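The values are calculated or read from the model by the stated rules, or taken from the named source; none is laboratory data. Note that the structure is a prediction, hence the values are computed from the model and not measured. Note: ideal-geometry Cβ built from the backbone for every residue, glycine included; neighbour counts use all protein chains shown. Note: accessible area is taken over every heavy atom of the protein model, side chains too, but ligands, DNA and RNA are not part of it. Shrake-Rupley method; radii C 1.70, N 1.55, O 1.52, S 1.80 Å.
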Amino acid sequence: MTRKTIGQQMGRSSWAEPWKIKMVEPLHMISRNERAVALEKAGFNTFLLRSEDVYIDLLTDSGTNAMSDRQWAGLMMGDEAYAGSRNFYHLEETIQEYYGYRYIVPTHQGRGAENILSHIAIKPGQYVCGNMYFTTTRLHQEINGGIFVDVIIDEAHDSQSLHPFKGNVDLSKVQKLIDEHGAQSIAYICLAATVNMAGGQPVSMQNARELHALCKRYGIKIFMDATRAVENAYFIQEREEGYAGKTLAQILKEFCSYTDGATMSAKKDSLANIGGWLAINEQGLYEEACNLVVVYEGLQTYGGMAGRDMEVLAIGIRESVQDSYMHSRIGQVRYLGELLTDWGIPITLPIGGHAVFLDATRFYPHISQEEFPAQTLAADLYLESGVRSMERGIVSAGRNKETGENYHPRLELTRLTIPRRVYTQAHMDIVAESVKKLFDTRNERKGLKMIYEPKYLRFFQARFERL
Ligand code: F0G
């Protein structure tokens, strides 16, 4: 698909944003020499750069969303009562309306929900099946004695497979685990929609439906990672038979109906800067979650969020399911991805929901995985252009808890993550041109050596040196 066909493919002439800009924030770029100093100081880890030293910031789509005028107005409607804030009830109703779950526990962000769920739903030694791991999610599962098992389809580990739903669960992998160890050995299935580490790849409705049927037969629960489930709904609408005429809101609700609850990082899909929640349909489990939310997060009617944050979130959820908004969101990501593929730059295909992932293995074929090609690429891109990206490869994958060995993921990726409603098409052009410039000089680049490794989630704080 070329850039020119995007509009036709999507059944419209343009993916133009359904909003205009009311407030702007200046950008500035420091010199290459200054960036070299900043990078050195940051130990070649883009997480350790100061935001002021960054020109275009594509580190993450988490909490970096631009709010709407309605959300800013909502901030002023914050009810900052310790208990029973009206904003909580507004949020609760909104989640129930759009996601369809019964009980809602607010948390400060996604990992707060993951912590509580892992505590109450995993017995030590049980397996937790996931359609590929996510860093914080797997860590909480492991801290609580769970053993993570990857049950995503094999295509997800191949950056060039054009499977339209690379986030799908391979049901035969789940069945095999059940046959070998029994259903009671599985704590639950963690179903991520879309799959971040696979390149923002979606799960089909059919796959969710079939997984639900399988799990129901064995009494296994499914908890969704709903962080980018609205983006997932967009791909279902676009690609799956029978869904072109349905709204994102209808698709989202049906998808959630195949699951027993969800963890949510509201800093992504929901167009907020902070927040999260845990949703549970079963009353007994919800009561256990309520016992823990007061230990780790705050009272069950705020969970670490201010009243105004909950109001912003409730409004953001409504905005996130508008079809015209999501059309422009995915359109912008695809625009950047197609500029890069037009120039022969290797990226994960199909282009995913929240980011374009550079395939560092093919970008830097002369740098071995032990020399951190994706980390090197993120560092080099910042040095040469001021664009900040992040590593999603061997550094993010971490070590096996039992053996201490590095995991060697097949995907060694550098993520250009697009914040929602923040940058323009011209910014995307600059990013693409910056990547192209680096690509043209790729043979001169040298890899990195890790000189400091923290115990948990090492990608956030690890430090490197140039080889
Ligand atoms: N699940 C997924 C799929 C995520 O992408 C994230 C965060 C979380 C859970 C955890 O949520 O950050 O609110 O605690 N992802 C960010 C990222 C950090 O950049 O991909 P959190």
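Quick check on this structure: which one of Asp179, Asp150 is closer than 30 Å to Phe363 by Cα and either in the same structural domain as Ala233 (by TED's automatic domain parsing) or of a type in the set (Phe, Trp, Tyr) (or both)?
Asp150
Ser270 - would you say it is under 20 Å from the mean Cα position of the chain (by Cα) and either closer than 14 Å to Met326 by Cα or in the same structural domain as Gln332 (by TED's automatic domain parsing) (or both)?
Yes; evaluated as a whole, the condition is true for this residue.
Please go through segment 437-462 and pick out each residue that is under 22 Å from Asp359 (Cα atoms) and open to solvent by 60 Å² or more (accessible area, probe 1.4 Å).
Scanning segment 437-462 gives Lys437, Asp440, Arg442, Asn443, Glu444, Lys446, Lys449.
When residues of segment 388-397 are filtered for being in contact (Cβ under 8 Å) with a residue 60 or more places away in the chain and in contact with a helix residue (DSSP H, G or I) (Cβ under 6 Å, 6 or more places away or on another chain), how many remain?
Number of matching residues: 6.
Inspect segment 216-232 for any residue being over 17 Å from Cys129 (Cα atoms), open to solvent by 50 Å² or more (accessible area, probe 1.4 Å) and not polar (S, T, N, Q) and give the result as yes or no.
no
May I ask you to list the residues in segment 351-367 that are among the hydroxyl-bearing types (Ser, Thr, Tyr) and either part of a loop (DSSP other than H, G, I, E, B) or buried (at least 24 other Cβ atoms within 10 Å of the Cβ) (or both)?
Tyr364
I'd like the full set of residues that are of a type in the set (S, T, N, Q) and either surrounded by fewer than 22 Cβ atoms within 10 Å (Cβ to Cβ) or part of a helix (DSSP H, G or I) (or both), limited to segment 311-350.
Correct list: Ser320, Gln322, Ser324, Ser328, Gln332, Thr341.
Taking the criterion of being more than 19 Å from Ala156 (Cα to Cα) and either outside any strand (DSSP E or B) or among the aliphatic types (A, V, I, L, M) (or both), would at least one residue in segment 406-416 satisfy it?
no
Can you pull out the helices (runs of 4 or more DSSP H) entirely within segment 141-245 that have at least 2 residues that are of a type in the set (A, V, I, L, M, F, W, C) and over 18 Å from the mean Cα position of the chain (by Cα)?
Fully inside segment 141-245 and qualifying: 171-181, 205-218.
All but one of (1) within 23 Å of the chain's Cα centre (by Cα); (2) among the charged types (D, E, K, R); (3) crowded, with 18+ Cβ neighbours inside 10 Å hold for Arg399; state the number of the condition that does not hold.
Among (1) within 23 Å of the chain's Cα centre (by Cα); (2) among the charged types (D, E, K, R); (3) crowded, with 18+ Cβ neighbours inside 10 Å, Arg399 violates only (3).
What are the pairs with Cβ atoms under 8 angstrom where one residue, in segment 113-136, is farther than 15 Å from Lys221 by Cβ and assigned by TED's automatic domain parsing to the domain that holds Val169 and the other, located anywhere, is of a type in the set (Lys, Arg) and near the ligand (Cβ under 10 Å from one of its atoms)? Sequence gap at least six, or different chains.
Close Cβ pairs satisfying both conditions: Thr136/Arg111.
Could you check, for segment 113-124, whether at least one of its residues is at pLDDT 95 or above, open to solvent by less than 30 Å² (accessible area, probe 1.4 Å) and over 24 Å from Lys401 (Cβ atoms)?
No, that holds for no residue.
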